[in-house]
Amino acid sequence: MSVLRVQGLNASYGKAQVLRDINLQVNEGEFVSVIGANGAGKTTLFHVISGLKAGQGDVVFQGRPLPKRAHEIVKTGLIQCPEHRHLFPYMNVMDNLMLGAYLRDEEDLDEDLDMVYSLFPRLQERSEQMARTLSGGEQQMLAIGRALMSNPSLLLLDEPTIGLAPIVRKAISEAIYKIRNRTDRKISILLSEQNVIFAFEHSDRIYLLETGEVVKEGTASEFKQDEYVRNAYLGEA
Ligand SMILES: Nc1ncnc2c1ncn2[C@@H]1O[C@H](COP(=O)(O)OP(=O)(O)O)[C@@H](O)[C@H]1O
Ligand SMILES: [Mg+2]
(Lines give C-alpha, C1' and ligand atoms only; values in the text may rest on other atoms or scores of the structure.)
(Ligands and ions follow the chains in the order given, each with its own letter.)
Protein backbone atom coordinates (compact mmCIF):
# COMPACT_ATOMS: atom_id res chain seq x y z
CA MET A 1 0.00 0.00 0.00
CA SER A 2 1.26 3.45 -0.90
CA VAL A 3 1.95 5.82 1.98
CA LEU A 4 3.10 8.75 -0.13
CA ARG A 5 2.34 9.42 -3.75
CA VAL A 6 3.69 12.48 -5.52
CA GLN A 7 2.34 13.15 -8.99
CA GLY A 8 3.28 15.77 -11.56
CA LEU A 9 5.00 18.00 -9.05
CA ASN A 10 6.57 21.25 -10.23
CA ALA A 11 8.24 24.02 -8.23
CA SER A 12 10.03 27.26 -9.01
CA TYR A 13 11.96 30.02 -7.33
CA GLY A 14 10.85 33.14 -9.20
CA LYS A 15 11.29 32.34 -12.88
CA ALA A 16 13.65 29.45 -12.27
CA GLN A 17 11.84 26.13 -12.38
CA VAL A 18 13.72 23.68 -10.12
CA LEU A 19 11.36 20.68 -10.02
CA ARG A 20 9.83 19.29 -13.19
CA ASP A 21 7.02 16.75 -13.26
CA ILE A 22 8.21 14.69 -10.32
CA ASN A 23 6.45 11.38 -9.76
CA LEU A 24 7.38 9.19 -6.85
CA GLN A 25 5.90 6.80 -4.38
CA VAL A 26 6.76 5.40 -0.97
CA ASN A 27 5.01 2.20 0.09
CA GLU A 28 4.23 1.19 3.64
CA GLY A 29 7.38 0.24 5.54
CA GLU A 30 9.59 1.08 2.58
CA PHE A 31 12.91 2.93 2.62
CA VAL A 32 13.13 5.07 -0.48
CA SER A 33 15.97 7.41 -1.43
CA VAL A 34 16.18 10.42 -3.68
CA ILE A 35 19.79 10.71 -4.72
CA GLY A 36 21.36 13.55 -6.64
CA ALA A 37 24.15 16.07 -6.67
CA ASN A 38 24.13 19.34 -4.79
CA GLY A 39 21.51 21.61 -6.38
CA ALA A 40 19.53 18.78 -8.00
CA GLY A 41 16.37 19.81 -6.11
CA LYS A 42 16.23 17.30 -3.24
CA THR A 43 15.61 19.83 -0.46
CA THR A 44 13.10 21.74 -2.56
CA LEU A 45 11.20 18.49 -3.15
CA PHE A 46 11.14 17.73 0.57
CA HIS A 47 10.03 21.26 1.37
CA VAL A 48 7.15 21.08 -1.07
CA ILE A 49 6.06 17.75 0.39
CA SER A 50 6.29 19.16 3.94
CA GLY A 51 4.39 22.32 3.04
CA LEU A 52 7.35 24.63 3.61
CA LYS A 53 7.40 25.70 -0.03
CA ALA A 54 4.60 26.07 -2.54
CA GLY A 55 4.51 23.76 -5.53
CA GLN A 56 2.08 22.56 -8.19
CA GLY A 57 0.97 18.96 -8.42
CA ASP A 58 -0.55 16.26 -6.27
CA VAL A 59 0.76 14.92 -2.98
CA VAL A 60 -1.32 12.14 -1.49
CA PHE A 61 -0.48 10.80 1.95
CA GLN A 62 -2.12 7.69 3.35
CA GLY A 63 -4.77 7.88 0.66
CA ARG A 64 -5.74 11.52 1.22
CA PRO A 65 -4.51 14.78 -0.30
CA LEU A 66 -2.07 16.35 2.14
CA PRO A 67 -3.18 19.57 3.77
CA LYS A 68 -1.37 22.55 2.26
CA ARG A 69 0.12 24.05 5.38
CA ALA A 70 3.16 22.74 7.24
CA HIS A 71 1.63 22.87 10.71
CA GLU A 72 -1.31 20.80 9.50
CA ILE A 73 0.94 18.35 7.67
CA VAL A 74 2.95 17.47 10.81
CA LYS A 75 -0.30 16.44 12.49
CA THR A 76 -0.80 13.77 9.83
CA GLY A 77 2.43 11.96 10.81
CA LEU A 78 4.60 13.17 7.93
CA ILE A 79 7.69 14.59 9.59
CA GLN A 80 10.80 16.13 8.10
CA CYS A 81 14.23 15.97 9.68
CA PRO A 82 15.71 18.97 7.90
CA GLU A 83 19.03 19.40 6.16
CA HIS A 84 21.42 21.32 8.44
CA ARG A 85 19.40 20.15 11.45
CA HIS A 86 17.76 23.45 12.49
CA LEU A 87 17.95 22.74 16.20
CA PHE A 88 17.09 25.24 18.90
CA PRO A 89 20.70 26.16 19.68
CA TYR A 90 20.21 27.71 23.12
CA MET A 91 18.00 24.94 24.43
CA ASN A 92 19.35 21.73 25.86
CA VAL A 93 19.14 18.28 24.32
CA MET A 94 16.12 17.19 26.34
CA ASP A 95 14.13 20.34 25.53
CA ASN A 96 14.92 19.99 21.83
CA LEU A 97 13.62 16.42 21.96
CA MET A 98 10.48 17.48 23.82
CA LEU A 99 9.75 20.15 21.23
CA GLY A 100 9.57 17.36 18.66
CA ALA A 101 6.71 15.96 20.72
CA TYR A 102 4.76 19.17 21.29
CA LEU A 103 1.64 17.81 19.60
CA ARG A 104 1.51 14.63 21.67
CA ASP A 105 0.08 13.63 25.01
CA GLU A 106 2.67 13.82 27.75
CA GLU A 107 1.96 10.35 29.13
CA ASP A 108 3.14 8.74 25.86
CA LEU A 109 6.54 10.37 25.88
CA ASP A 110 8.66 8.52 28.44
CA GLU A 111 8.84 5.39 26.36
CA ASP A 112 9.84 7.33 23.26
CA LEU A 113 12.46 9.32 25.12
CA ASP A 114 13.95 6.02 26.31
CA MET A 115 13.85 4.76 22.72
CA VAL A 116 15.73 7.84 21.42
CA TYR A 117 18.27 7.62 24.22
CA SER A 118 18.85 3.95 23.56
CA LEU A 119 19.40 4.69 19.86
CA PHE A 120 21.78 7.53 20.71
CA PRO A 121 23.33 7.03 24.17
CA ARG A 122 25.48 10.14 23.58
CA LEU A 123 22.32 12.24 23.72
CA GLN A 124 21.41 10.83 27.10
CA GLU A 125 24.87 11.62 28.46
CA ARG A 126 24.42 15.15 27.16
CA SER A 127 20.74 15.69 27.94
CA GLU A 128 21.39 18.91 29.88
CA GLN A 129 23.84 20.30 27.34
CA MET A 130 22.90 23.17 25.01
CA ALA A 131 22.37 22.01 21.44
CA ARG A 132 24.81 24.56 20.03
CA THR A 133 27.67 23.01 22.00
CA LEU A 134 27.22 19.54 20.51
CA SER A 135 29.46 18.16 17.78
CA GLY A 136 28.07 17.99 14.24
CA GLY A 137 27.37 14.29 14.61
CA GLU A 138 25.61 14.73 17.93
CA GLN A 139 23.52 17.53 16.42
CA GLN A 140 22.48 15.22 13.61
CA MET A 141 21.53 12.54 16.15
CA LEU A 142 19.49 15.13 18.01
CA ALA A 143 17.72 16.24 14.84
CA ILE A 144 16.76 12.63 14.09
CA GLY A 145 15.78 12.06 17.71
CA ARG A 146 13.59 15.16 17.72
CA ALA A 147 11.83 13.95 14.55
CA LEU A 148 11.25 10.52 16.13
CA MET A 149 9.71 12.13 19.21
CA SER A 150 6.79 13.20 17.03
CA ASN A 151 6.06 9.51 16.28
CA PRO A 152 6.17 9.81 12.48
CA SER A 153 4.64 7.29 10.14
CA LEU A 154 6.69 8.79 7.30
CA LEU A 155 10.06 10.33 8.09
CA LEU A 156 11.75 12.58 5.54
CA LEU A 157 15.49 12.59 6.21
CA ASP A 158 17.25 15.33 4.25
CA GLU A 159 20.97 14.57 3.84
CA PRO A 160 21.68 13.27 7.34
CA THR A 161 25.29 12.43 6.51
CA ILE A 162 26.32 15.86 5.28
CA GLY A 163 29.67 16.90 6.74
CA LEU A 164 30.00 13.87 9.01
CA ALA A 165 33.09 11.71 9.58
CA PRO A 166 32.78 8.03 8.58
CA ILE A 167 32.61 6.86 12.19
CA VAL A 168 29.66 9.16 12.90
CA ARG A 169 27.98 8.12 9.67
CA LYS A 170 28.23 4.57 10.90
CA ALA A 171 26.48 5.45 14.17
CA ILE A 172 23.68 7.13 12.20
CA SER A 173 23.48 4.11 9.90
CA GLU A 174 23.15 1.71 12.83
CA ALA A 175 20.42 3.85 14.34
CA ILE A 176 18.51 3.81 11.04
CA TYR A 177 18.66 0.02 10.97
CA LYS A 178 17.25 -0.10 14.49
CA ILE A 179 14.51 2.40 13.70
CA ARG A 180 13.43 0.28 10.74
CA ASN A 181 13.56 -2.99 12.63
CA ARG A 182 11.37 -1.97 15.52
CA THR A 183 8.53 -4.41 15.70
CA ASP A 184 6.15 -2.25 17.71
CA ARG A 185 5.84 0.56 15.15
CA LYS A 186 6.11 0.63 11.38
CA ILE A 187 7.83 3.57 9.83
CA SER A 188 8.43 4.48 6.19
CA ILE A 189 11.45 6.57 5.30
CA LEU A 190 12.22 8.92 2.42
CA LEU A 191 15.90 9.87 2.40
CA SER A 192 17.68 12.49 0.35
CA GLU A 193 21.39 11.94 -0.20
CA GLN A 194 24.32 12.85 -2.37
CA ASN A 195 26.21 10.12 -0.51
CA VAL A 196 25.14 7.38 -2.87
CA ILE A 197 26.83 4.61 -0.90
CA PHE A 198 24.89 5.54 2.23
CA ALA A 199 21.66 5.53 0.23
CA PHE A 200 22.50 2.14 -1.31
CA GLU A 201 23.07 0.66 2.12
CA HIS A 202 19.55 1.37 3.33
CA SER A 203 17.23 1.70 0.35
CA ASP A 204 14.64 -0.61 -1.03
CA ARG A 205 14.13 1.70 -3.99
CA ILE A 206 15.88 4.78 -5.35
CA TYR A 207 15.07 7.78 -7.54
CA LEU A 208 17.88 9.71 -9.23
CA LEU A 209 17.23 13.42 -9.47
CA GLU A 210 19.19 15.58 -11.94
CA THR A 211 18.45 19.30 -12.36
CA GLY A 212 14.96 18.90 -11.01
CA GLU A 213 13.93 15.79 -12.92
CA VAL A 214 13.73 12.12 -12.03
CA VAL A 215 15.99 10.56 -14.65
CA LYS A 216 16.11 7.04 -13.26
CA GLU A 217 14.26 4.89 -10.76
CA GLY A 218 14.70 1.34 -9.61
CA THR A 219 15.60 -1.01 -6.80
CA ALA A 220 18.83 -0.55 -4.88
CA SER A 221 20.31 -3.62 -6.55
CA GLU A 222 19.43 -2.27 -10.00
CA PHE A 223 21.14 1.01 -9.11
CA LYS A 224 24.25 -0.73 -7.81
CA GLN A 225 24.67 -2.42 -11.18
CA ASP A 226 23.76 0.57 -13.32
CA GLU A 227 26.70 1.68 -15.41
CA TYR A 228 25.65 5.32 -15.68
CA VAL A 229 25.12 5.61 -11.91
CA ARG A 230 28.44 3.93 -11.20
CA ASN A 231 30.33 6.22 -13.54
CA ALA A 232 28.64 9.48 -12.66
CA TYR A 233 28.04 9.02 -8.91
CA LEU A 234 30.63 6.52 -7.74
CA GLY A 235 33.50 7.71 -9.93
CA GLU A 236 33.96 4.27 -11.44
CA ALA A 237 35.10 5.22 -14.91
N1 LIG B 1 15.54 29.87 -1.62
C2 LIG B 1 15.99 29.71 -2.89
N3 LIG B 1 15.90 30.73 -3.78
C4 LIG B 1 16.31 30.57 -5.07
N5 LIG B 1 16.83 29.43 -5.55
C6 LIG B 1 16.95 28.40 -4.71
C7 LIG B 1 16.54 28.47 -3.34
N8 LIG B 1 16.79 27.28 -2.73
C9 LIG B 1 17.33 26.50 -3.69
N10 LIG B 1 17.43 27.16 -4.87
C11 LIG B 1 17.94 26.60 -6.14
O12 LIG B 1 17.12 25.49 -6.47
C13 LIG B 1 17.90 24.42 -6.98
C14 LIG B 1 17.69 23.19 -6.14
O15 LIG B 1 18.22 23.40 -4.82
P16 LIG B 1 17.99 22.38 -3.63
O17 LIG B 1 16.57 21.97 -3.63
O18 LIG B 1 18.54 22.98 -2.41
O19 LIG B 1 18.89 21.15 -4.12
P20 LIG B 1 19.62 20.00 -3.28
O21 LIG B 1 18.93 19.85 -1.98
O22 LIG B 1 19.49 18.80 -4.17
O23 LIG B 1 21.04 20.41 -3.13
C24 LIG B 1 19.35 24.93 -7.01
O25 LIG B 1 19.61 25.42 -8.29
C26 LIG B 1 19.33 26.05 -5.99
O27 LIG B 1 20.30 27.01 -6.31
MG1 LIG C 1 19.61 19.84 -0.07
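The values are calculated or read from the model by the stated rules, or taken from the named source; none is laboratory data. Quick caveat, the model's predicted, so the values are computed rather than measured. Backbone-built Cβ (ideal geometry, glycine too); neighbour counts: all protein chains shown. With ligands, DNA and RNA removed, areas are computed over all heavy atoms of the protein, side chains included. Shrake-Rupley method; radii C 1.70, N 1.55, O 1.52, S 1.80 Å.
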Connecting C-alpha atoms closer than 10 Å in a GNM of the chain, tell me which of Ile172, Ile189, Ile144 has the biggest fluctuation.
Ile172
Could you work out what % of the accessible surface of segment 2-234 is carbon and sulfur, using a 1.4 angstrom probe and leaving DNA, RNA and ligands out of the count?
48
Let's see if you can work this out: charge +1 on each Lys and Arg Cβ, -1 on each Asp and Glu Cβ, no other charges. What is the dipole magnitude of the chain about its Cα centre, in debye to the nearest 20?
540
Go through segment 1-100 and name the GluC sites (Glu not before Pro) that are in a DSSP coil and have 14 or fewer other Cβ atoms within 10 Å of their Cβ.
Glu28
So, for segment 2-234, what is the accessible surface per residue at a probe of 1.4 Å, expressed in square angstrom?
48
Can you list the trypsin sites (Lys or Arg not before Pro) in segment 1-79 that are in a DSSP coil and have 12 or fewer other beta carbons within 10 angstrom?
Lys15, Lys68, Arg69
Filtering trypsin sites (Lys or Arg not before Pro) in segment 119-220 by DSSP loop and by at most 14 other Cβ atoms within 10 Å leaves Arg182, Arg185, Lys186
Could you give the nm distance between label points at Asp58 and Glu174, where each point is 7 Å from its Cα heading toward the beta carbon?
4.4
Lysine-lysine proximity count for the chain, Cα under 21 Å, sequence distance 8 or more or distinct chains
13
Stretch gain in nm, segment Lys216-Arg230, where the contour uses 0.36 nm per residue and the Cα spacing is subtracted:
3.8 nm
Return the single residue from Gln124, Gln225, Gln62 with maximal mean-square fluctuation; model: Gaussian network over the chain, springs between Cα atoms under 10 Å.
Gln225
Note on segment 2-234: alpha-carbon gyration tensor, axes a ≥ b ≥ c; rule is a/c under 1.5 for rounded, else prolate if a/b larger than b/c, else oblate; result prolate
The simple spin-label model distance between Thr183 and Glu201, using points 7 Å out along Cα→Cβ, in nm, is 2.6
In deg cm²/dmol, rounded to 500, what helix-only [θ] at 222 nm does the chain give when every DSSP H run of at least 4 residues adds -39500 (n - 2.57) and the total is split over its residues?
-10000 deg cm²/dmol
